[in-house]
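Structure first, commentary second.
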Amino acid sequence: MQPPERTLSSRQIFQGRVVTMRVDTVALPDGRTSTREVVEHSASVTILPVDAQGNVLLERQYRRSVDQWMVEAPAGGMNPGEDPEQAARRELKEETGYDAGKLEHLASFYVSPGYCTELMHVFLATGLIAGEAALEDDEYIQVETVPLKRALEMVQRGEIQDGKTITALLLTEKRLNNSR
């Protein structure tokens, strides 16, 4: 299917450590022009670790953008040349200290395609093997073990508001229920 918009020009207006922002001028199907603001972000991964007792490992960390503590699944960006599974294993180990005996890709989705290029890959991690976390210098993460059922109740109560975590929890619940 032919895209309804054609790029006439593209101008980078910001380059940061994590994101780049550009403004595109596009031709619309009716001949008019418009602008599109686009945040460029590398692909990323989120991992929902589930232990042998059916508990999930979640992280509590402060997020400056929303000025609050968030409960989230482990996640992070992919390095250049890294495939999603490699990134998932690396991020899981760095943030929680755990290795996964088994890592299963559940889905991929665009985080916010209205303005951002970030494609996130969701993994279920099982067969967990404890180890030492290796947080980045600016990360302050508290790992919490929560029964899956309670984590889903936390979503309904508004205690978990992070989209990637909600997605990972729902996909994991469906996957685990289908395997029983």
Scope region 22-66; condition more than 30 Å from Q12 (Cα to Cα) and small (G, A, S); matching residues: A52, G54
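Can you go through V71, V50, V56 and tell me which one is surrounded by 18 or more Cβ atoms within 10 Å (Cβ to Cβ) and closer than 13 Å to D162 by Cα? If you could, list the steps in order and put the result at the bottom.
Numbers: V50 fails: closer than 13 Å to D162 by Cα; V56 fails: closer than 13 Å to D162 by Cα.
On inspection, the qualifying residue turns out to be V71.
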Residue match in region 109-129 (condition: more than 30 Å from R36 (Cβ to Cβ), touching an Asp or Glu at 6+ places or on another chain (Cβ under 8 Å), hydroxyl-bearing (S, T, Y) and in contact (Cβ under 8 Å) with a residue 40 or more places away in the chain): yes
Failed criterion for A130 (all others in (1) exposed (fewer than 12 other Cβ atoms within 10 Å of the Cβ); (2) within 25 Å of R64 (Cα to Cα); (3) of a type in the set (G, A, S) hold): (2)
In region 24-53, the residues that are in contact with a His (Cβ under 9 Å, 6 or more places away or on another chain) and not aliphatic (A, V, I, L, M): S44, T46
Checklist (1) under 19 Å from Y140 (Cα atoms); (2) among the charged types (D, E, K, R); (3) buried (at least 17 other Cβ atoms within 10 Å of the Cβ) applied to R89, failing item: (1)
Those residues of region 116-143 which are within 18 Å of the chain's Cα centre (by Cα) and more than 24 Å from D83 (Cα to Cα), in sequence order: Y140, I141, Q142, V143
Evaluation of R17 against (1) touching a residue at least 12 places away in the same chain (Cβ under 8 Å); (2) among the charged types (D, E, K, R); (3) surrounded by fewer than 11 Cβ atoms within 10 Å (Cβ to Cβ) (one fails), failing number: (1)
Check on R22, farther than 25 Å from V155 by Cβ, outside the structural domain of R157 (by TED's automatic domain parsing), among the charged types (D, E, K, R) and part of a loop (DSSP other than H, G, I, E, B): no
Filter result (part of a strand (DSSP E or B), in contact (Cβ under 8 Å) with a residue 24 or more places away in the chain and among the hydroxyl-bearing types (S, T, Y)) within region 35-63: S44, T46, Y62
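The values are calculated or read from the model by the stated rules, or taken from the named source; none is laboratory data. The model shown is predicted, which means the values in this text are computed figures rather than measured ones. With ideal geometry, Cβ positions are generated from the backbone for all residues, glycine too; neighbour counts draw on all protein chains shown.
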